[in-house]
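The values are calculated or read from the model by the stated rules, or taken from the named source; none is laboratory data. It should be emphasised that the depicted structure is a prediction, and the values quoted were computed from it without experimental measurement. We place every Cβ from the backbone using ideal geometry, glycine too, and count neighbours over all the protein chains shown. Calculation scope for accessible area: heavy atoms of the full protein, side chains included, ligands and nucleic acids excluded. Shrake-Rupley method; radii C 1.70, N 1.55, O 1.52, S 1.80 Å.
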Amino acid sequence: SKAEMRHTCRGTINLATANITVEDSCNFIISNGGAQTYHLKASSEVERQRWVTALELAKAKAVKMLEESDDSGDESVSQTDKTELQSTLRTLSSKVEDLSTCNDLIAKHGTALQRSLSELETLRLPAESTEKIKQVNERATLFRITSNAMINACRDFLVLAQTHSKKWQKSLQHERDQRIRLEETLEQLAKQHNHLERAFRGATVLPANAPGAGGSAKDPCCAAKGDMSDEDDDNEFFDAPEIIMVPESMGHKPRLCSFLPSRRTGSNISGTSSEISLDEQYKHQLEDTKKEKRTRIPYKPNYSLNLWSIMKNCIGKELSKIPMPVNFNEPLSMLQRLTEDLEYYELLDRAAKCESSLEQLCYVAAFTVSSYSTTVFRTSKPFNPLLGETFELDRLEESGYRSLCEQVCHHPPAAAHHVDSKNGWTLRQEIKITSKFRGKYLSIMPLGTIHCVFHSSGHHYTWKKVTTTVHNIIVGKLWIDQSGEIEIVNHKTGDKCVLKFVPYSYFSRDVARKVTGEVTDPAGKVHFFLLGTWDEKMDCYKVTPGTGDSSAEGRQRAHEAEDSRVLLWKRNPLPKYAENMYYFSELALTLNAPEGGTAPTDSRWRPDQRLMENGRWDEANAEKQRLEEKQRLSRKRREAEAARATEDGKSGALGPPPRCPPGRGSVTPLLPPGTPYDPYKPLWFERKKDPVTQELTHIYKGGYWESKEKQDWTLCPDIF
């Protein structure tokens with residue numbers, strides 16, 4: 001590229017300064033004056049002449065490019081270029097000020113000259129005439145000097161602007177060319193990756209001697225696959241196996257390709273029989289889930305998509321503000337993913353029974369790590385909850401807890417979560433998700449504090465989440481890593497635990513996904529050492545009192561002693577065929593199961609998510625757009641109400657109109673003049689200062705479970 005003209009690697013010859021000489025009929029030499037020489041031989045004299053002619057033309061072009069670049073220097077935008085640009089802008093600003101001053105002086109002196117000339121015409125006495133003529137000459141001279149100064153300043157400004165304008169135009173064009181080349185390269189890599197993936201699947205998933213893999217034209221799978229292969233390769237992106245078996249336990253006869261799309265032109269993908277409507281399916285599922293927890297969901301369909309066409313416009317943007325098709329999602333909302341933190345709630349039950357606060361802290365730390373175990377294979381994105389969306393999980397009878405989540409803010413996305421357990425603990429959190437797409441990877445940064453309070457002891461623990469990174473967004477297999485530190489603090493005793501999530505490194509000899517931690521008392525003395533991985537298990541080693549017990553060597557000996565090891569937590573195995581069900585855990589498979597009596601804002605009632613779970617992705621995408629548009633209209637209506645309320649407050653009028661649609665909620669209390677008006681307030685949580693961390697956060701204010709018992713949902717907004 002042009003940027004490499006003056007920064008070539010070793011062994012290259014710059015054509016602009018190269019010497020091209022002919023030795024004989026087939027041989028010729030390219031050299032740069034002695035440091036580097038190439039002796040080349042062509043197969044014939046005609047071919048040699050073609051090469052020499054082409055090289056001479058390229059040399060002439062290189063010389064011309066070098067001459068053009070002499071004025072602008074290096075095309076790359078460095079810190080020096082930025083400094084030069086700022087200096088040039090200051091100079092141009094100074095010249096503009098000079099022109100403005102000259103303009104004022106010309107106007108001033110021009111007026112005075114005109115007045116003097118007028119006076120000259122009215123003179124009669126020769127003596128006075130001589131004096132006035134002298135004044136006119138002086139003013140004319142002054143005017144001429146000022147005009148010349150202005151002309152010179154204009155000329156300088158013009159030359160400077162022309163010189164740097166040419167350079168800036170070339171720099172801008174260079175940046176555009178680089179961007180186009182980068183996009184083309186990445187797109188080409190994505191195409192190659194798709195071809196390799198398809199070739200691999202063709203070799204492993206569909207072997208030649210496999211049943212049903214023969215070339216029968218009547219085989220529906222072969223027909224569907226043939227149709228899809230006729231499409232343009234640029235528009236295909238496969239991220240699931242092409243052969244899907246649906247077990248009989250899911251209410252379908254076993255058949256191949258039940259979710260495979262035929263062609264992209266309009267046919268809906270459905271995981272159920274087309275004769276059964278969505279409402280009938282939902283009622284049927286509702287009856288089944290009353291009997292027992294489900295262990296299966298419809299298998300993930302194979303759906304082609306041009307990933308790069310969407311993602312190339314998302315680099316550097318906030319992911320929650322990018323409209324994404326459901327193809328990148330899993331059939332769960334962010335509220336349900338947040339509830340998955342309770343997968344290993346037994347750790348908090350055990351912690352509540354601990355008499356020692358330090359031992360209790362070990363179990364809290366293990367619970368903190370366990371919340372990441374469900375993410376190891378979960379590379380799909382959960383649905384962004386709609387504002388006011390809720391999700392409840394009532395496991396009071398079988399597990400002793402019940403949980404409630406509510407989406408309390410949309411930009412940035414924030415969800416409040418509250419869990420009460422009859423086994424003696426309460427968990428609450430407000431998590432704001434910020435994410436950035438960086439081209440090669442996606443960073444997800446949860447912001448907010450998690451609180452865990454044990455009722456009998458009054459121990460109050462707080463901690464924050466680490467950063468999650470999704471790698472190989474464009475090319476290669478997606479994989480997830482967690483990195484950073486978590487500090488868990490007991491605000492009653494001062495005990496601490498610092499967990500370190502070691503980022504993956506290709507050159508490291510450590511086990512992948514490693515987590516280490518130390519449990520210390522308020523004096524900083526280490527009592528327990530924690531070791532494990534965030535996707536598998538966590539062990540605890542007691543640091544025995546004695547010499548060197550606080551040193552790194554002492555801790556190393558302690559955690560190597562097998563007799564002191566206590567297994568705090570171990571990951572449950574994934575269900576059978578989990579790879580076809582978005583790698584959901586046993587708990588995740590039950591979260592979106594239809595359940596009667598829940599609020600009309602519950603995620604289980606969300607239509608686009610339900611359609612996606614049932615394999616009808618085309619309909620899910622259309623429904624998702626409808627819901628997002630409905631949410632935008634609701635936001636605009638709230639903003640208009642807030643503006644009217646502000647105007648009414650300034651003029652002494654009463655408060656704003658009702659917050660909820662007619663018949664779907666209570667009227668917002670009337671506000672006195674001048675009171676600020678919050679355009680949206682969550683239904684089940686209220687924003688207040690946390691007494692422990694002094695942060696403004698959303699805390700559960702009660703009322704949900706009472707409303708559920710009465711089946712009184714009149715306060716709930718209509719969001720679906």
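Between Leu427, Leu442, which is modelled with pLDDT of 95 or more and assigned by the TED database to the domain that holds Glu487?
Step by step, each of Leu427, Leu442 is checked, and only Leu427 is modelled with pLDDT of 95 or more and assigned by the TED database to the domain that holds Glu487.
Quick one: count up the residues across the range 420-447 that are in contact with a Lys or Arg (Cβ under 7 Å, 6 or more places away or on another chain) and more than 23 Å from Ile473 (Cβ to Cβ).
Residues in the range 420-447 being in contact with a Lys or Arg (Cβ under 7 Å, 6 or more places away or on another chain) and more than 23 Å from Ile473 (Cβ to Cβ): 1 in total.
Just checking, how many residues over the range 589-605 are open to solvent by less than 20 Å² (accessible area, probe 1.4 Å) and within 14 Å of Phe383 (Cα to Cα)?
Result for the range 589-605: 5.
Please state which of the following conditions Lys432 fails to meet, knowing it meets all the rest: (1) within 17 Å of the chain's Cα centre (by Cα); (2) farther than 24 Å from Tyr461 by Cβ; (3) of a type outside the set (S, T, N, Q).
Here Lys432 meets the rest and fails (2).
One line per residue, one yes/no per condition, for (1) assigned by the TED database to the domain that holds Gln114; (2) within 28 Å of Lys108 (Cα to Cα); (3) among the aromatic types (Phe, Trp, Tyr); (4) surrounded by 15 or more Cβ atoms within 10 Å (Cβ to Cβ):
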position	(1), (2), (3), (4)
Glu138	yes, yes, no, no
Ser147	yes, yes, no, yes
Asn152	yes, yes, no, no
Leu158	yes, yes, no, no
Ser171	yes, no, no, yes
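Sort through Val475, Val466, Val470 and tell me the only one that's among the hydrophobic types (A, V, I, L, M, F, W, C) and open to solvent by 20 Å² or more (accessible area, probe 1.4 Å).
On inspection, the qualifying residue turns out to be Val475.
Could you please find all residues in the range 369-408 being assigned to a loop (DSSP other than H, G, I, E, B) and hydroxyl-bearing (Ser, Thr, Tyr)? It would help to see each step written out before you state the result.
Narrowing the range 369-408 to residues assigned to a loop (DSSP other than H, G, I, E, B): 371-372, 376-380, 384-389, 396-400.
If the condition is that a residue be assigned to a loop (DSSP other than H, G, I, E, B) and hydroxyl-bearing (Ser, Thr, Tyr), then Ser371, Tyr372, Thr379, Ser380, Ser399 are the ones that fit.
I need a count of the residues in the range 74-94 that are in contact with a His (Cβ under 7 Å, 6 or more places away or on another chain) and either at pLDDT below 75 or loosely packed, with under 11 Cβ neighbours inside 10 Å (or both).
Our first condition is that a residue be in contact with a His (Cβ under 7 Å, 6 or more places away or on another chain); within the range 74-94, this holds for 75, 88.
Filter once more, keeping what is either at pLDDT below 75 or loosely packed, with under 11 Cβ neighbours inside 10 Å (or both): 75.
So the answer is 1.
Suppose the filter is exposed (fewer than 12 other Cβ atoms within 10 Å of the Cβ), under 60 Å from the mean Cα position of the chain (by Cα) and farther than 30 Å from Leu66 by Cβ; does Glu97 pass it?
yes
Could you check the range 26-44 and list, in sequence order, the residues that are surrounded by 12 or more Cβ atoms within 10 Å (Cβ to Cβ) and more than 53 Å from the chain's Cα centre (by Cα)?
Selection gives Cys26, Asn27, Phe28, Ile29, Ala42.
Just to be sure, is Glu67 out of contact with any His (no Cβ under 9 Å at 6 or more places or on another chain), acidic (Asp, Glu), at pLDDT below 85 and open to solvent by 50 Å² or more (accessible area, probe 1.4 Å)?
So Glu67 passes the test.
Could you please give the count of residues in the range 436-474 that are under 15 Å from the mean Cα position of the chain (by Cα) and assigned to a strand (DSSP E or B)?
Adding up the residues that qualify gives 14.
Inside the range 479-490, can you point out the residues that are surrounded by 16 or more Cβ atoms within 10 Å (Cβ to Cβ) and either in contact (Cβ under 8 Å) with a residue 40 or more places away in the chain or part of a loop (DSSP other than H, G, I, E, B) (or both)?
Within the range 479-490, Ile480, Gln482, Ile486, Ile488, Asn490 qualify.
Restricting attention to the range 356-407, and to residues there that are among the aliphatic types (A, V, I, L, M) and open to solvent by less than 10 Å² (accessible area, probe 1.4 Å), which single residue is nearest to the chain's Cα centre (by Cα)?
The selected residue is Leu386.
Suppose we filter the range 606-634 for residues that are open to solvent by less than 10 Å² (accessible area, probe 1.4 Å), part of a loop (DSSP other than H, G, I, E, B) and farther than 19 Å from Leu387 by Cα; how many remain?
Qualifying residue count for the region: 2.
Conditions (1) modelled with pLDDT under 90; (2) assigned to a helix (DSSP H, G or I); (3) of a type outside the set (Ser, Thr, Tyr), marked per residue:
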site: Glu280; (1), (2), (3): yes, yes, yes
site: Pro298; (1), (2), (3): no, no, yes
site: Asn302; (1), (2), (3): yes, no, yes
site: Met324; (1), (2), (3): yes, no, yes
site: Leu332; (1), (2), (3): no, no, yes
site: Phe367; (1), (2), (3): no, yes, yes
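Consider the range 654-713. How many of its residues are more than 22 Å from Ser403 (Cβ to Cβ) and at pLDDT 70 or above?
First, the residues of the range 654-713 that are more than 22 Å from Ser403 (Cβ to Cβ): 654-680, 689, 691, 694, 696.
Next cut, at pLDDT 70 or above only: 680, 689, 691, 694, 696.
Matching residues across the range 654-713 total 5.
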